[in-house]
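The next block holds one structure in the form of structure tokens; read it before the comments.
The values are calculated or read from the model by the stated rules, or taken from the named source; none is laboratory data. All values reported here derive from a predicted model rather than from experimental measurement. All Cβ positions, even for glycine, are placed from backbone atoms using ideal geometry, and neighbour counts span all protein chains on display.
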């Protein structure tokens, strides 16, 4: 019985090693209309960005939900995860970009964006979520609620042409991710696989004997 319990525990560990834990990295949904950051291509150009610092674990980036108003089918959002250079504004390095959903018109709604390629948000690292437009104009609406999650929100800033300034508010969004298992978890998973293979061979030997 003890051996069977050990095997059951090993199987559980192996399952944990093969699948991470999903979580909200940051979220302040549901959205609201108490604040709206204009996002516009052309002249003048309007952009907005939220800074955030990851917690103690690495997370793979799963999805991003933005609460957008006036997002028409002809608009083309340009959504990026940017680096931080230690200053007040986003860095210039684009670390991750997103595939855009289709705009649905003037009413504000939640839109889900997916990473163009897999990306890992590293523990204890500061990033910027940058919302811009390569064509068209829309708004990034919000309810001025501080986002919560496994990361810490560090404020939102808006850009007009080349000038950045504090908004004093937060637009509404949700970043989801899956925790990256620690290397020790993979080691335990490997041990579990070895033990199960040993048990299978022993049972086979008993049947043949």
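If you scan segment 149-172, which residues turn out to be touching a strand residue (DSSP E or B) at 6+ places or on another chain (Cβ under 7 Å) and farther than 17 Å from residue 126 by Cα?
Passing the criteria: 158, 159, 160, 164, 165, 166, 167, 169, 170, 171, 172.
Residue 93 - would you say it is without any contact (Cβ under 8 Å) to a residue 24 or more places away in the chain and either in a strand (DSSP E or B) or within 25 Å of residue 136 (Cβ to Cβ) (or both)?
Yes: the conditions hold for residue 93.
Before we move on, is residue 36 in contact (Cβ under 8 Å) with a residue 40 or more places away in the chain, over 18 Å from the mean Cα position of the chain (by Cα) and crowded, with 18+ Cβ neighbours inside 10 Å? Write out each step before concluding.
On the way: in contact (Cβ under 8 Å) with a residue 40 or more places away in the chain: yes; over 18 Å from the mean Cα position of the chain (by Cα): yes; crowded, with 18+ Cβ neighbours inside 10 Å: yes.
Judged against the criteria, residue 36 is a match.
Of all the residues that make up segment 134-166, how many are under 20 Å from the mean Cα position of the chain (by Cα), in a strand (DSSP E or B) and more than 20 Å from residue 83 (Cβ to Cβ)?
4
Every residue, every condition in (1) free of Cβ contacts under 8 Å to residues at least 12 places away in the same chain; (2) crowded, with 21+ Cβ neighbours inside 10 Å; (3) over 17 Å from residue 67 (Cβ atoms), yes or no:
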| residue | (1), (2), (3) |
| --- | --- |
| 103 | no, no, no |
| 125 | no, no, yes |
| 129 | no, yes, no |
| 139 | no, yes, no |
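In segment 56-79, how many residues are in a loop (DSSP other than H, G, I, E, B) and crowded, with 17+ Cβ neighbours inside 10 Å?
Residues that pass the stated criteria total 4.
Return a yes/no flag: does segment 176-184 have any residue that is more than 16 Å from residue 20 (Cα to Cα) and either crowded, with 19+ Cβ neighbours inside 10 Å or at pLDDT 95 or above (or both).
Within segment 176-184, none of the residues are more than 16 Å from residue 20 (Cα to Cα) and either crowded, with 19+ Cβ neighbours inside 10 Å or at pLDDT 95 or above (or both).
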